[in-house]
């Protein structure tokens, strides 16, 4: 009887796992998906950037020239706004919270913020 219950339980969980819908990552998403992802925020993605989901189900934004090279194995320029970690309403507050977190977690953490003016992307912080 015990083996029978274990078999039924295993079969139940196995059927639930195979029935889940597979998420597609590293594919471009539309503007409505971005708006629904950031319910509490307004994120304006420039026309020369595009948005996509990453594998831990985060929303990322990258310049459009990297559209064909986005994948899970390479590193490329992108912006990920972590809405669940930093609750500030402005990027400045989120940046301060981010830096405070890393300074508290890693005592030897050092950084330099450089403000620059990019001819294509405008004012940026590096």
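In terms of the mean number of neighbouring beta-carbon atoms within 10 Å, the peptides 50-59, 63-72 order highest first as 50-59, 63-72. Summarising the label geometry, the points placed 7 Å from Cα in the beta-carbon direction at residue 73 and residue 28 lie 2.3 nm from one another.
You can think of it this way: the chain between residue 6 and residue 57 has 15.1 nm of extra reach, that is 0.36 nm per residue less the Cα-Cα gap. Annotation: extensible slack from residue 105 through residue 123 equals 3.5 nm (criterion: 0.36 nm per residue apart, minus Cα-Cα distance).
Judged by the mean number of other Cβ atoms found within 10 Å, the most tightly packed of the peptides 30-40, 94-104 leads the ranking 94-104, 30-40.
Every read-out reported here was derived from the displayed coordinates using simple, explicitly stated rules and does not represent laboratory data. Here the structure is a predicted model, which is why all the values come from computation and not from measurement. Using ideal geometry, Cβ is built from the backbone for each residue, glycine included, and neighbour counts are taken over all protein chains shown.
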